[in-house]
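Here the structure comes first, spelled out in structure tokens, and everything after it is commentary.
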Amino acid sequence: MRTAYARVNADEVRVLSVFLGRTATPMQVAVHKMEGKAYHPERLLQPEDVASVVINALSLPRTTEVTDISIRPLVKQGEYGP
């Protein structure tokens, strides 16, 4: 079975998968509450940083294809308490 990449590359379509760590969004407020943890948005990815990475990848020349981006917060959960 051919991958999505292989099927669309013939039509010069680029595919980008973005794998995010926890990002400071309203959903994370609810997740932290459900987990019984304090919410510290400054310890999470910032939405504008994620957008910047994606825009940069999509702005590359058509001769390039970034297929996967993994982006995580610099400070890992639990490093500075709950």
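Some values worked out for this structure:
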{"item": "Helix axis angle, 47-58 relative to the chain longest principal axis, alpha carbon, degrees", "result": "10"}
{"item": "Between helix 26-35 and the chain: long-axis angle, C-alpha atoms, 0 to 90°, nearest 10", "result": "50"}
{"item": "Computed [θ] at 222 nm, helices only, for the chain once each DSSP H run of length n ≥ 4 contributes -39500 (n - 2.57)", "result": "-10000 deg cm²/dmol"}
{"item": "Reference-scaled alpha-carbon Rg (2.2 N^0.38 Å with N residues) for the range 4-71", "result": "1.46"}
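A short reminder: the numbers here are calculations on the coordinates, not readings from a lab. Small disclaimer: the values here were computed from a predicted structure and weren't measured.
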